[in-house]
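This report concerns only the one structure given below.
The values are calculated or read from the model by the stated rules, or taken from the named source; none is laboratory data. As the structure is a prediction and not an experimental result, all values here were calculated from the model. As a convention, Cβ positions derive from the backbone with ideal geometry for all residues, glycine included, and neighbour counts pool all protein chains shown. The accessibility values were calculated without ligands, DNA or RNA, using every heavy atom of the protein model including side chains. Shrake-Rupley method; radii C 1.70, N 1.55, O 1.52, S 1.80 Å.
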Amino acid sequence: MSQRASDLLTLTREGLYCPLGRFHVDPTRPVERALITHGHADHARAGHGTVLATPETLRIMAVRYGEDFCRSRQEARLGERMRIGDVTVFFAPAGHVLGSAQIAIEREGQRIVVSGDYKRAPDPTCLPFEVVPCDVFITEATFGLPVFRHPDTRGEVRKLIESVTLFPERAHIVGAYALGKAQRVMALLREEGWDRPIHLHGAMEKLTELYKREGVPLGETPKVMAADRKDLHGAIVLCPPSSIQDLWSRKFPDPVTAFASGWMRVRARARQKGVELPLVISDHSDWPDLCRTIRDTGAEEVWVTHGQEDALVHWCGTQGIRAKPLHLLGYGDDGEAEPDPGHDPKMEEASA
């Protein structure tokens, strides 16, 4: 009897499960053995028995949850094949955030790739996405509609610098998620010539220091002290998205509110969040790159995990590719839910 894709990977209440290897991929509940694609809180949860992930993802999880986030951990080196039960697995770069990876599962000449969250756009803070040819490709679809076509990220960062130049008396408060997005914005600012300090909300501090220890050049990033806020004229300040509208941000001199998110392409979202300077910067693939990636893998079958599933499934059908939505629950609409500092992670509305 020929092997079916469902023999390699199936869906359980905890998420994707490999019965032949007895492990879950990015499970939404504690399990005995978890393979983790990246460190965002809706993919990497605490409480598992054994966790297999890239070294960077394991260090991110330790920073977020404490060193005892699981009973035991194992490092997955990119490209290194490992035998788990009756299957072989290996990890490949996903280009999403530091340490992010796709997970390939193989048996008897068949390969399934769980891509996790990924992007094809350049990012100075992590390794670029690597195409892994496969029979079945499991993709997200956060921006899985033809309307989503992300602009050049460096152009968006230049908009921020130009605004500071135009309004030197005002502080610019940029909402950005603490893992990945914030560090990418910092690195891009440095590449565009911003050599002044980039000030950080306290929630950004630990993960930013981790990126620096991993060799990502982010420059001077002082923590904002309450007494100093009134004096930060012409400063760029990064904070969690929820902070751009609360009392914390109002203590700065005539603040310009900005938000770095792929959803800033939707003007109604920017207005809803009270964003004066929307920055369309996403850590996810847009519609053209989702379609390009599916074609590049050569997959004959595509499973869509979360986001705009139906549109991408329909597009696959027009290309002669079998596809189905998985309707996975427990993931943010961009796969990026932030834990509150000092507390257990909780799900918030996600923005790319």
Query raised in the report: Looking at GLU162, is it among the charged types (D, E, K, R) and part of a strand (DSSP E or B)?
Result: no
Query raised in the report: Which residues, taken from the range 182-233, are in contact with a strand residue (DSSP E or B) (Cβ under 8 Å, 6 or more places away or on another chain) and either surrounded by fewer than 19 Cβ atoms within 10 Å (Cβ to Cβ) or small (Gly, Ala, Ser) (or both)?
Result: ALA182, TRP194, ARG196, GLY202, ALA203, GLU205, GLY219, GLU220, PRO222, LYS223
Report task. Check GLU220, GLU169, GLU156 and return the single one that is in a loop (DSSP other than H, G, I, E, B), touching a residue at least 60 places away in the same chain (Cβ under 8 Å) and among the acidic types (Asp, Glu). Result -> GLU169
Report task. Quickly run through the range 1-36 and pick out the residues that are among the polar types (S, T, N, Q) and in a loop (DSSP other than H, G, I, E, B). Result -> SER2, GLN3, THR28
Query raised in the report: Taking the range 45-71, which residues are in a loop (DSSP other than H, G, I, E, B), in contact with a strand residue (DSSP E or B) (Cβ under 8 Å, 6 or more places away or on another chain) and not charged (D, E, K, R)?
Result: ALA46, GLY47, THR54, PHE69
Query raised in the report: Taking the range 133-152 on its own, how many of its residues are among the β-branched types (Val, Ile, Thr), touching an Asp or Glu at 6+ places or on another chain (Cβ under 8 Å) and under 22 Å from GLN3 (Cα atoms)?
Result: 1
Query raised in the report: Which one of these does ALA176 not meet: (1) at pLDDT 95 or above; (2) surrounded by fewer than 19 Cβ atoms within 10 Å (Cβ to Cβ)?
Result: (2)
Query raised in the report: Among (1) open to solvent by 10 Å² or more (accessible area, probe 1.4 Å); (2) closer than 21 Å to ILE105 by Cβ; (3) touching a residue at least 40 places away in the same chain (Cβ under 8 Å), which single condition is CYS70 missing?
Result: (3)
Query raised in the report: Counting only residues that are among the basic types (Lys, Arg) and out of contact with any strand residue (DSSP E or B) (no Cβ under 6 Å at 6 or more places or on another chain), which one in the range 72-91 is farthest from LEU8 (Cα to Cα)?
Result: ARG77
Report task. Being acidic (Asp, Glu) and in a loop (DSSP other than H, G, I, E, B) is the filter; apply it to the range 252-303 and report the residue that is nearest to CYS134 (Cα to Cα). Result -> GLU300
